[in-house]
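> Quick one: the structure is below, and I'll ask about it shortly.
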Amino acid sequence: MQGKSRWAIGIDLGGTKTLVARVDGGGKIGRMLRIPTNAAQGAAAVKKGLIEAIQDILKGSGRLPAGIGVGVAGQVDPESGAVKFSPNLGWHDEPFREDLKKALGLPVMVTNDVRAATWGEWLYGAGKGCNDLLCLFVGTGIGGGVVSGGKVLTGCSNTAGELGHITIDLHGPPCHCGNRGCMEALAGGWAIARQAREKVKSDPKAGAAILKRADGRADKITAKIVAASAKAGDPLALALLDQVALALSAGSASLVNAFNPCRVIFGGGVVEGYPRLIKKIARGLKGRALPPALEPLRVVRSKLGSQAGVVGSAALVMHFSERIFGEDRKKRG
Ligand SMILES: [Zn+2]
């Protein structure tokens with residue numbers, strides 16, 4: 001690993017807010033800025049705000065950083081660093097890396113935000129020291145990442161790790177991806193909110209506690225409200241989250257059988273809001289995954305939380321930039 005005098009700027013570019021941080025070679029965050037993304041004002045405004053924040057961090061930093069790593073909520077072209085598609089930002093084929101490079105004169109690497117978070121957890125978080133792991137981030141949607149044999153899998157067209165879209169229920173509810181019965185459509189935050197709204201409407205008595213937390217309005221029910229109700233012991237919320245744990249156990253069992261990881265790391269807003277899910281998932285895995293795959297397995301909680309993205313994107317620049325996205329690819333040709 002790199003010396004601690006080395007550093008990079010890590011950026012987590014989300015649809016509404018962006019984190020820009022100084023990260024050292026040991027994965028420690030120094031100064032961190034939280035800025036609004038301003039996606040509605042267009043790509044030029046987003047980049048301008050980002051460049052100003054980077055220059056702010058660079059000011060007075062003395063030694064130049066190894067580079068700038070950016071995790072973006074969207075699909076990224078690994079060759080050009082362009083953002084192919086980001087529904088959250090409203091971007092199509094946006095020349096992102098080139099524009100930042102031109103403006104700042106530093107190496108820039110761009111990757112998907114969940115992939116960046118996987119790098120962070122692997123190198124500095126709950127996956128430290130382990131070369132085979134899965135990350136599952138259960139937020140509004142479910143994103144993931146796979147580290148296999150000491151490499152973060154990228155796939156043939158850079159989309160590997162879409163773990164939320166494995167099918168759990170052939171005849172299940174529709175998913176945003178066009179399939180039905182995906183793990184995300186059963187256990188993602190948006191799906192939890194939808195299920196809670198339906199239950200509350202069909203059985204107002206059982207749903208009274210959840211509805212109260214949503215100011216009496218079913219349309220205001222969120223996964224966060226369901227988690228808070230479960231923590232307070234509400235039977236309906238607990239039953240809903242038991243089903244969520246079941247879907248996540250079934251999905252994880254398939255992934256554990258496919259990749260034989262030593263660790264499965266769970267993070268994201270839903271898990272942070274109701275950490276007991278992890279124990280339920282671990283229990284659910286028993287009897288579903290193959291015993292030899294279960295033997296070395298640990299199911300753990302994310303260590304870096306919402307900072308995994310900035311730490312991981314900075315780590316990407318410091319440790320792996322050319323190897324993963326440049327020379328290796330060309331050599332394999
Ligand atoms: Zn899906």
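The values are calculated or read from the model by the stated rules, or taken from the named source; none is laboratory data. Values in this document were obtained by computation on a predicted structure and should not be read as measured data. Please note: Cβ atoms are built from the backbone with ideal geometry, for glycine as well, and neighbour counts cover all protein chains shown.
> Do we find a residue being assigned to a helix (DSSP H, G or I), closer than 21 Å to Ala282 by Cβ and either within 16 Å of the ligand (Cβ to nearest atom) or of a type in the set (A, V, I, L, M) (or both) anywhere in the stretch 156-173?
Taking every residue of the stretch 156-173 in turn, at least one turns out to be assigned to a helix (DSSP H, G or I), closer than 21 Å to Ala282 by Cβ and either within 16 Å of the ligand (Cβ to nearest atom) or of a type in the set (A, V, I, L, M) (or both).
> Can you find a residue in the stretch 273-292 that is buried (at least 23 other Cβ atoms within 10 Å of the Cβ), closer than 27 Å to Gly10 by Cβ and modelled with pLDDT of 95 or more?
no
> OK, next. Which condition from (1) buried (at least 17 other Cβ atoms within 10 Å of the Cβ); (2) at pLDDT 95 or above; (3) within 20 Å of Ile265 (Cβ to Cβ) is the one that Gly161 breaks?
(2)
> Within the stretch 182-221, track down each residue that is more than 16 Å from the ligand (Cβ to nearest atom), surrounded by 14 or more Cβ atoms within 10 Å (Cβ to Cβ) and not in a helix (DSSP H, G or I).
Across the stretch 182-221, the qualifying residues are Ala206, Gly207, Ala214, Ile221.
> Using the structure shown, decide if Asp113 is surrounded by 18 or more Cβ atoms within 10 Å (Cβ to Cβ) and touching a residue at least 60 places away in the same chain (Cβ under 8 Å). Talk me through it step by step, then tell me what you get.
Numbers: surrounded by 18 or more Cβ atoms within 10 Å (Cβ to Cβ): yes; touching a residue at least 60 places away in the same chain (Cβ under 8 Å): yes.
The answer is yes for Asp113.
Each row is one residue, and each column tells you yes or no for (1) assigned to a helix (DSSP H, G or I); (2) touching a strand residue (DSSP E or B) at 6+ places or on another chain (Cβ under 7 Å); (3) modelled with pLDDT of 95 or more.
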{"residue": "Met1", "(1), (2), (3)": "no, no, no"}
{"residue": "Ala8", "(1), (2), (3)": "no, yes, yes"}
{"residue": "Ile11", "(1), (2), (3)": "no, yes, yes"}
{"residue": "Arg22", "(1), (2), (3)": "no, yes, yes"}
{"residue": "Ala53", "(1), (2), (3)": "yes, yes, yes"}
{"residue": "Gly60", "(1), (2), (3)": "no, no, no"}
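> Then there's this: Out of everything in the stretch 53-92 that is more than 18 Å from Ile35 (Cβ to Cβ) and of a type in the set (D, E, K, R), what residue ends up being surrounded by the most Cβ atoms within 10 Å (Cβ to Cβ)?
Asp77
> Kindly indicate which of Leu241, Leu248 is within 30 Å of Pro291 (Cα to Cα), at pLDDT 95 or above, within 16 Å of the ligand (Cβ to nearest atom) and out of contact with any Asp or Glu (no Cβ under 9 Å at 6 or more places or on another chain).
Among Leu241, Leu248, only Leu248 is within 30 Å of Pro291 (Cα to Cα), at pLDDT 95 or above, within 16 Å of the ligand (Cβ to nearest atom) and out of contact with any Asp or Glu (no Cβ under 9 Å at 6 or more places or on another chain).
> Name the pairs: first residue in the stretch 65-87 and touching a residue at least 40 places away in the same chain (Cβ under 8 Å), second residue surrounded by fewer than 22 Cβ atoms within 10 Å (Cβ to Cβ) and in a strand (DSSP E or B), Cβ to Cβ under 6 Å, at least 6 apart or on different chains?
Gln75/Lys84; Gln75/Phe85; Asp77/Lys84
> Can you tell me which of Ala160, Ala126, Ala103, Ala116 is aliphatic (A, V, I, L, M) and within 17 Å of Val299 (Cα to Cα)? Reasoning before the result, please.
Working: Ala160 fails: within 17 Å of Val299 (Cα to Cα); Ala103 fails: within 17 Å of Val299 (Cα to Cα); Ala116 fails: within 17 Å of Val299 (Cα to Cα).
Matching residue, one of Ala160, Ala126, Ala103, Ala116: Ala126.
> Within the stretch 124-155, restricting attention to residues that are within 16 Å of the ligand (Cβ to nearest atom) and in a loop (DSSP other than H, G, I, E, B), which residue is surrounded by the fewest Cβ atoms within 10 Å (Cβ to Cβ)?
Thr140
> Continuing with this model, one more query. When you scan the stretch 40-52, how many residues do you find that are surrounded by 12 or more Cβ atoms within 10 Å (Cβ to Cβ) and under 15 Å from Pro95 (Cα atoms)?
8
> Yes or no: Ile225 at pLDDT 95 or above and more than 30 Å from Asn131 (Cα to Cα)?
Criteria met by Ile225.
> Exactly one condition in (1) under 20 Å from Ser254 (Cα atoms); (2) surrounded by fewer than 18 Cβ atoms within 10 Å (Cβ to Cβ); (3) within 21 Å of the chain's Cα centre (by Cα) is false for Ile166; which is it?
Of everything listed in (1) under 20 Å from Ser254 (Cα atoms); (2) surrounded by fewer than 18 Cβ atoms within 10 Å (Cβ to Cβ); (3) within 21 Å of the chain's Cα centre (by Cα), Ile166 misses just condition (2).
> Oh, and also: Mind listing whichever residues of the stretch 244-263 are assigned to a helix (DSSP H, G or I) and of a type in the set (A, V, I, L, M, F, W, C)? Step through it out loud before you land on a result.
First, pick out the residues of the stretch 244-263 that are assigned to a helix (DSSP H, G or I): 244-259.
The answer is Val244, Ala245, Leu246, Ala247, Leu248, Ala250, Ala253, Leu255, Val256, Ala258, Phe259.
> Output the number of the condition that Asn179 fails; it satisfies all remaining conditions of (1) in contact with a strand residue (DSSP E or B) (Cβ under 8 Å, 6 or more places away or on another chain); (2) more than 10 Å from the ligand (Cβ to nearest atom); (3) more than 22 Å from Gly269 (Cα to Cα); (4) not hydroxyl-bearing (Ser, Thr, Tyr).
(2)
> Quick check: is even one residue across the stretch 93-108 loosely packed, with under 14 Cβ neighbours inside 10 Å, assigned to a strand (DSSP E or B) and either at pLDDT 95 or above or more than 14 Å from the chain's Cα centre (by Cα) (or both)?
Yes, the conditions are met somewhere in the stretch 93-108.
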